[in-house]
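The values are calculated or read from the model by the stated rules, or taken from the named source; none is laboratory data. Just so we're clear, the structure is a prediction, and the values are computed from it rather than from any experiment. Here the Cβ positions follow ideal geometry from the backbone for every residue, glycine too, while neighbour counts run over all protein chains shown. Areas reflect the complete protein model, heavy atoms only, side chains present, ligands, DNA and RNA absent. Shrake-Rupley method; radii C 1.70, N 1.55, O 1.52, S 1.80 Å.
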Amino acid sequence: MKTDLLSIILAVGIASVLVKTFLASRSPLNRIPGPWYARFTDLPGAMASMSRQQVQYYHKLHQQYGPYVRVGPRNVFVSDIDSFRIIHKIGGNFLKADYYHYFGPTEAGEPPYGLFQMTDPKDHAQRRKLLGRGFTATSLRAEWEDMVRQKVVDAIVGMKTEAASKGVVDIRRWWMCMASDVVSKVMFGKSFDALKEGKDSQEDPWFELVQITNRSSFLAMQFPLLYNIMRYVPIINRASMFHAHEAMMSKGDAAVQNSKAAADGDNANIFAKVRQQTENDDSLTKLDIQVEAGSFMIAGTDTTSNTLTYLVWAVLSRPDLQSALEDEVSALGEGFTDSQLEKLPLLHAVIEETLRLYGAAPTPLPRIVPPGGARLGGYDIPAGTEVATQSFTMHRDPKIFDDPERYDVERWLPGGSCTISPAAKAAFTPFGAGSRVCIGQHLAYMELRFGAALFFRECRGAKLDASTTPESMEMRNLVLIEPKGKVCNIVL
Ligand code: HEM
């Protein structure tokens, strides 16, 4: 009996290997270069992601095999600018892959989906039109500029106070508190007040929820069988990773309440303001608001704070650049505005160069090849294949950016020694591209501008602490990047 069962298992195993080998030998993707195992599995990519080396793994494959790399049986990576344009074209039909269903506050992979998670173009266009009104540069300046500025001021006061008492301060933690308070105010109508206590990710349940949700979603996406087994096994399923989604959704109640507030009231959130602009359009349900509020918190906290952390680190690592930037922002009068900051050439150059090398989401953006297939870079790619681009590689292409690994603000300065080319402008996509480009980019820029300007004005002469080294700041990434050492300590 035992022998029979073993024989059956063995036969099924051999048959599945044979079927896979047969299918692999006939795939039109075989013409695309890539490692031998990619014909059978994309597991090495998943493993690299789980060990927080996602973008580095795919970047190495690009360096070895070129701009088109087959990374799995039905997965291709592309870093060629012409194909990038085709894949991310506005109104194009390369839709987001189901991968995105996993990145939100709902139970991993399950609807209802927020803007970020949506794959259906009609649902997405409708939601984007509605929420997009609140995220234009003009609307953000009118509604939230004072609030953003005040949160940055509070973060810097917190940094100074902590540095005075401890001798050293982790700026990443303060930028996380700042970004969390900004996005929670916009989405919930009331800040989570992380800045009040300078709580870090270990202490604050909200930060922890975001981290746990990201990890559990990734596990569910890459290893659904394992995730589902764990989810239904008593004792294991009590672990916080299976309940972070519920906790996050329940936080969304405040967003629902404040969506009914008067648009100019103290507690009005973006939903209240959008309702006013659309003459009380009530098309967003209670659940939609909960999902969007949680989803924007996930998308808008670690992104801005990690970028700002890398910005300060990159500048403090270059004393000449630091004093030039300190001079530029110190020359501003009191009460300067975001539109004045936007015109400062060095500040602009520092932000763009930071986004090029250390933008927080340089990750693969997977899309599905539409019915009828596509011809990319001379390769015929069948419908249903997943094609992904990643700005990590595009931003480090030596054909597009001179000496790409070098942090060099000159490339963004008018008349700088290596001024940016049109190809580089097209490849520069820290916020993605096309109809799925980051809806929060103007808010992020406003936070980056106020954050950098006020920091280098108020903290002249700041230095990196000895514990902050190129090694501790090495990028780790699972969807978003973060420093390997988790902190960025400085002395003031
Ligand atoms: C430096 C900061 C940020 C970076 C580098 C960044 C990066 C990105 C990227 C690359 C995408 C495109 C994803 C894709 O196409 O697959 C994206 C989309 C998105 N981002 Fe951001 N982001 C930042 C800040 C923010 C902020 C502050 C918010 C909101 C408060 C936000 C909300 C979103 C949302 C909702 C989407 C989905 C848009 C859609 O599909 O229509 N992001 N972001």
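In terms of overall dimensions, the range 361-417 has a Cα radius of gyration and Dmax of 16.2, 46 angstrom.
Computed from the alpha carbon atoms alone, the convex hull of the range 228-304 holds 121 Å³ per residue. Listed cross-link partners 463/486; 343/425; 166/196; 166/463; 89/129; 60/463 are compared with a 24 Å cut-off, the Cα-Cα value being larger for 60/463. How tilted is helix 345-358 with respect to the longest principal axis of the chain? Cα atoms for both, answer in degrees (0 to 90, nearest 10). On a 0 to 90 degree scale, this one is about 30.
What size of dipole, in debye to the nearest 20, comes out for the range 61-160 about its Cα centre when the only charges are +1 on Lys and Arg C-beta atoms and -1 on Asp and Glu C-beta atoms? All intermediate terms of the calculation are to be shown ahead of the outcome.
Values: 14 positive and 11 negative charges, 54 e Å.
In debye, rounded to 20, the range 61-160 gives about 260.
Each residue of the range 281-294 was assigned a 3J(HN,Hα) from its phi angle through the Karplus curve 6.51 cos²θ - 1.76 cosθ + 1.60 (θ = phi - 60°); the sequence is 4, 9, 5, 7, 7, 4, 5, 4, 5, 4, 5, 5, 4, x Hz, with glycine and proline shown as x. Global size of the range 14-127: 16.5, 49 Å for Rg and Dmax (C-alpha atoms, Rg to one decimal, Dmax whole). Counting only protein heavy atoms and a 1.4 Å probe, the chain has 44 square angstrom of accessible area per residue.
The angle between the Cα long axis of helix 2-26 and the main principal axis of the chain comes to about 70°, on a 0 to 90 degree scale.
The share of accessible area on the chain that comes from carbon and sulfur is 57 percent, using a 1.4 angstrom probe.
Just to be sure I understand: of the beta bridges DSSP finds with both ends in the chain, what percent are antiparallel, rounded to 5? Expressed as a percentage, antiparallel bridges in the chain total about 85.
The Cα atoms of the range 401-492 define a convex hull whose projected area, averaged across directions, is 8.2 nm².
Mean projected area of the Cα convex hull of the range 121-204, taken over all directions, amounts to 6.9 nm². Near residue 44, once Lys and Arg are set to +1 and Asp and Glu to -1 for all other residues with Cβ below 14 Å from its Cβ, the sum equals +2.
Once you charge only the Cβ atoms, +1 for Lys and Arg and -1 for Asp and Glu, what is the size of the charge dipole of the chain about its Cα centre, to the nearest 20 debye?
Details: 54 positive and 55 negative charges, 306 e Å.
So the dipole magnitude of the chain works out to roughly 1480 debye.
Coupling constants for the range 92-106 follow from the phi torsions by the Karplus curve (6.51 cos²θ - 1.76 cosθ + 1.60, θ = phi - 60°), and in residue order they are x, 10, 8, 8, 4, 6, 4, 2, 5, 4, 8, 9, x, x, 7 Hz; glycine and proline get x. Taken over the Cα atoms of the range 64-168, the convex hull encloses 232 Å³ per residue.
Computed from backbone phi with θ = phi - 60° and the Karplus coefficients 6.51, -1.76 and 1.60, the 3J(HN,Hα) list for the range 36-42 is 4, 6, 4, 5, 10, 7, 10 Hz; x is used for glycine and proline. Per the Debye calculation on the range 328-474 with a single equal scatterer at every Cα and no solvent contribution, log₁₀ I(q)/I(0) for q = 0.18 Å⁻¹ amounts to -1.22.
Size check on the range 311-395: the Cα extents along the three principal axes, sorted descending, read 58, 27, 19 Å.
With only the Cα atoms considered, the range 194-341 has a convex hull volume of 192 Å³ per residue. Every Cα-Cα pair of the chain was included, and the share exceeding 44 Å stands at 15 percent. Rounded to the nearest 10 degrees, the inclination of helix 171-188 to the longest alpha-carbon principal axis of the chain is 80 degrees. Reported to two decimal places, what Rg/Rh ratio describes the range 128-278 when computed on Cα atoms with Rh from the Kirkwood expression? On the Cα set of the range 128-278, Rg over Rh gives 1.05.
Seen from residue 35, the other residues with C-beta closer than 13 Å to its C-beta sum to a net charge of +2, counting Lys and Arg as +1 and Asp and Glu as -1.
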